[in-house]
Amino acid sequence: MKIVRFIVAMLSVAAMTGCCDSNDKRCGDAVYSKQEAVIENILTRRSIRDYKEDPVSREEMGKILECGIYAPSAMNMQPWAVRVVDNKEFLDDVTAIAVKHNPKLAEQPGFRNFFRNAPTVAFIACPEESYSGEYDCGLLSENMMLAASSMGIGSCCLGSVVPVMYYEEAKPYLERLELPEGYKLLVGIAFGYPADDVVPTAPERDANKAYFVE
Ligand SMILES: Cc1cc2nc3c(=O)[nH]c(=O)nc-3n(C[C@H](O)[C@H](O)[C@H](O)COP(=O)(O)O)c2cc1C
């Protein structure tokens, strides 16, 4: 009887730790390396601000989108609308509008487009009136950026695209996003393969903003 209870207890521990088979010695290693991979991915993701021209494949973007929509959301409301644009003409046209309003943009060395030269941009929108829409979209966005980073694809959140998309001249492009009624654009996210000379360093973090309370 004691031995049966022991086996049941061991199986429960294995289930709780995510270990599929306590006899499989590789199992513990696999759990450990998954943890390391996830933490390394989180700590090494950086905003990428220059990209190669090659577009991100739709297959890869599809996986990134899938990771996005698996983000948690309050009451699983999924209060987001995500539109991926990899149409160069669309991005170039919006760039021309942005440059018209701010000619200095085009003076940046190597400037190709207003989206940090990204060939692919995801536009993220949420309901104007929503309990947790912005928060949930933030979680979705980070899921997408972390997924991209794990696939060798760079990304950068671009708050700067929002006012441009609301310029009068950009109306046809905003309409092409077909956002649901009552939704507002929150952010754009640039995606692409990092340009060869990009070596991003992590901007300093303030560890004092997060601490234990006794
Ligand atoms: C909501 C939001 C808006 C942002 N907008 C811009 C932007 O318009 N242009 C830009 O270059 N970076 C933008 N960023 C990127 C931040 O500058 C960047 O995340 C921050 O400096 C930390 O660097 P890291 O992402 O490399 O860790 C934005 C980030 C967030 C979360």
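Rule-based calculations on the coordinates, nothing more; no lab input. In this text, all values refer to a predicted model and were calculated from it rather than measured experimentally. Note that each Cβ is placed from the backbone with ideal geometry, even for glycine, and that neighbours are counted across all protein chains shown.
What's the ranking of 148-154, 160-166 by average number of surrounding C-beta atoms within 10 Å, highest first? Let's see the in-between values first.
Numbers: 148-154: 19.6, 160-166: 17.1.
The most tightly packed comes first, giving 148-154, 160-166.
Quickly rank 115-121, 71-77 as a protection proxy: mean count of other C-beta atoms within 10 Å, highest first.
Details: 115-121: 25.4, 71-77: 13.0.
Averaged packing, sorted descending, gives the order 115-121, 71-77.
Grab the chain and count how many Lys pairs have their alpha-carbon atoms under 24 Å apart, sequence gap of 8 or more, or different chains.
Count of close lysine pairs: 14.
Between beta-carbons, use under 12 Å as the cut-off and find the net charge around I124, counting Lys and Arg +1, Asp and Glu -1. Let's see the in-between values first.
Values: positive: R83, K184; negative: E134, D136, E142.
Summing Lys/Arg as +1 and Asp/Glu as -1 gives -1.
Could you give me the ³J(HN,Hα) list for region 126-137, computed from phi with Karplus coefficients 6.51, -1.76, 1.60 and θ = phi - 60°, whole Hz, x at Gly and Pro?
9, x, 4, 10, 7, 4, 9, x, 5, 4, 4, 5
If the chain between N102 and D196 were fully stretched, how many nm would it gain, using 0.36 nm times the residue separation less the Cα-Cα distance?
Full-extension gain reported as 31.1 nm.
Which whole-Hz ³J(HN,Hα) couplings does region 103-113 yield from phi under the Karplus relation 6.51 cos²θ - 1.76 cosθ + 1.60, θ = phi - 60°, glycine and proline marked x?
So the Karplus estimates, Gly and Pro as x, are x, 4, 3, 6, 7, 5, x, x, 4, 10, 8 Hz.
Rounded to the nearest whole Å³, what is the per residue volume of the convex hull around the Cα atoms of region 58-192? Numbers along the way, then the final one.
Numbers: hull volume 13.7 nm³, N = 135.
Taking the convex hull of the Cα positions in region 58-192, it is 101 Å³ per residue.
Expressed as a rounded percentage, what relative contact order does the chain have, with Cα pairs under 8 Å and six or more residues apart? Could you put the intermediate results ahead of the total?
Details: 295 pairs, mean separation 60.3, N = 214.
Computed value for the chain: 28 percent relative contact order.
From a point 7 Å beyond the Cα of S57 in the direction of its Cβ, which residues of region 176-201 have a backbone N at a distance under 17 Å?
Those under the cut-off are 192-194.
With θ taken as phi - 60° and the coefficients 6.51, -1.76 and 1.60, list the Karplus ³J(HN,Hα) couplings across region 155-166 in order, rounded to whole Hz; mark glycine and proline as x.
Ordered by residue, 3J(HN,Hα) equals 8, 7, 5, 10, x, 5, 6, 5, x, 5, 5, 9 Hz.
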